[in-house]
Structures are given as C-alpha cells and as structure tokens.
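Written out below as structure tokens is the structure these notes cover.
The values are calculated or read from the model by the stated rules, or taken from the named source; none is laboratory data. Computed from a predicted model, the values in this text were never measured in an experiment. Cβ placement follows ideal geometry from the backbone for every residue including glycine, while neighbour counts extend to all protein chains displayed.
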Amino acid sequence: MESEGAVVEPDDDDDGPDSQPHDPRVVVTKGSPWTIDRGRRERWSAPAFLTKHAVEVRQVGDPVLHAPGKKPRLDKKELEPMVQRMFASMVEAHGIGIAAQQIGVPLRVIIIDVDEVGIVAVNPEVDYESAEVDEMSEGCLSVRGLYGMLERPLIARVTAVDITGKKFTIEGEGLGAQCMLHETDHTNGVLYVDRLRTRKDLFPVEPDEPGEPHLSVSGHTRDEMERATSH
Ligand SMILES: [Zn+2]
C-alpha cells in the first residue's frame, strides 16, 4: 500500500502477541483533511462534553439510515457542532467511526477513527477497491448486539472534502478499508447487514460479565469486538 505522508513507527522487537499493530491502517495520500486531533480528542472525550453532546444512535429500521444523505453546505460554523455531536456519540458507544445519519442528520458527513486518525470526510466517494478481499467481523453502532462476517476489499481509497471544502484522499488497509467503506455506505443509505450473503453470517455479541471476559466465536471479548469493529 502507498503510505506516502504517513508516519510509520518502527516495530518494537519486544512486542508480545497481544500488542496492536503499529502501522496506521488509514493514511492520507493526498491533501490534508481537517481532523479530530489530540487536543480536540481530549476536549471532546471529557465526561462533561459527552453528557452535553452525545445523542442516542439511530437503530436499523429508522428511515434516516436507509436513504442516501444529502451534500451539506460547506460551512465550518454549521458543520463543526454536528461533528462534535457525532464524535461524542461515537465515543459514548465505543465506535471507531460514525456517519451523520446515525445521529439522525441526513447529510453526507462521516468520521473515520480507526487507530484514532479522527478524519472528518464530507461527500466521500470510493475511487479504488482492491480485487483482493478479506473476510472480517464487522459491527455497526446502528445494529446493536450483532456482528457479521463480511468480505470487503483488502485495500480501498476514498476521495472526499473536508468541512471547509478542501479535497483530500485517504487509503485504508484491512480494518482501515472496512471502516472507510462502511462509513461511505452509510452516506448512501446502506448498512453492512444489507451486504451479507445470508443471515447465517450474522452473530449475536455475547453478553459480557464484569471481570470475566467472554470470548466470542472470533476469539475476542465483547468489549474488544465492539471496540474493534463497530462503526
Ligand atoms: Zn455503521
């Protein structure tokens, strides 16, 4: 994958089998998107901020999730408060991405937050998908309690504009590609469950008990599953 412009951390030799991969799974390949950077992330994750801005995430069946979003007016003053509500709602629900439709706003705006990249993309369009696919577990904040096994292209590229209208391109691999495609699907009124070949590929997230992690079929705890795959 092209990783131009990305900061790639050298792998530590003492990494145990439990450590997370360090290569960013979403990289900016053109332009420089407006992001939820470290400062914003800190402020926007504070308990008082979440109480004020987080809203209930809309659930499957709500018409706003099943219709294509509209192109928003590119005005930072109007879009930033909505992005704050999106981010707070995502943090509250332990997601790694969210679309405006999930908080009930029918606009084509998404946040991609795999590896905490915090990229805010307006009018995203998929402009490349690799022929090579990968089957991964995938969850959605709007389909609570379930996750699916779904094939997605291993690598994907999305072109979008930021909240002030500047164009940029991002590329993702694995979970990064999944997130970019999952969120872009939301802007078109498509959920991952619409892409499943059969309902047999859909599984309940196993109930969790405090202090006693339960393993799901894919070998992850519920908390890991939700954190790892819900958008
Ligand atoms: Zn989703």
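Once the range 27-51 is narrowed to residues that are among the hydrophobic types (A, V, I, L, M, F, W, C) and over 18 Å from A93 (Cα atoms), the residue that is surrounded by the fewest Cβ atoms within 10 Å (Cβ to Cβ) is V28. Report yes if I103 is within 16 Å of the ligand (Cβ to nearest atom), surrounded by 15 or more Cβ atoms within 10 Å (Cβ to Cβ) and among the β-branched types (V, I, T), otherwise no. The answer is yes for I103. Screening V28 against (1) modelled with pLDDT of 95 or more; (2) touching a His at 6+ places or on another chain (Cβ under 8 Å) leaves a single unmet condition, (2). Looking only at residues of the range 137-156 that are of a type outside the set (G, A, S) and part of a loop (DSSP other than H, G, I, E, B), we find that the one that is farthest from the ligand (Cβ to nearest atom) is L154. Does E138 count as among the acidic types (D, E) and out of contact with any Gly (no Cβ under 6 Å at 6 or more places or on another chain)? No; evaluated as a whole, the condition is false for this residue. Six or more apart or on different chains, Cβ under 6 Å: which pairs go from a residue in the range 112-137 that's under 11 Å from E171 (Cβ atoms) to one that's among the aliphatic types (A, V, I, L, M) and assigned to a loop (DSSP other than H, G, I, E, B)? Could you list them? Sorted first by the residue in the range 112-137, then by its partner, the pairs are S130/L154.
I'd like to know if the range 79-91 contains one or more residues that are among the aromatic types (F, W, Y), crowded, with 16+ Cβ neighbours inside 10 Å and within 16 Å of the ligand (Cβ to nearest atom). Taking every residue of the range 79-91 in turn, at least one turns out to be among the aromatic types (F, W, Y), crowded, with 16+ Cβ neighbours inside 10 Å and within 16 Å of the ligand (Cβ to nearest atom).
Condition check for V126 on (1) over 20 Å from K167 (Cβ atoms); (2) surrounded by fewer than 20 Cβ atoms within 10 Å (Cβ to Cβ); (3) in contact with a helix residue (DSSP H, G or I) (Cβ under 8 Å, 6 or more places away or on another chain): one failure, at (1).
Quick one: would you say K71 is farther than 20 Å from L191 by Cα, more than 13 Å from the ligand (Cβ to nearest atom) and modelled with pLDDT of 95 or more? No: the conditions fail for K71.
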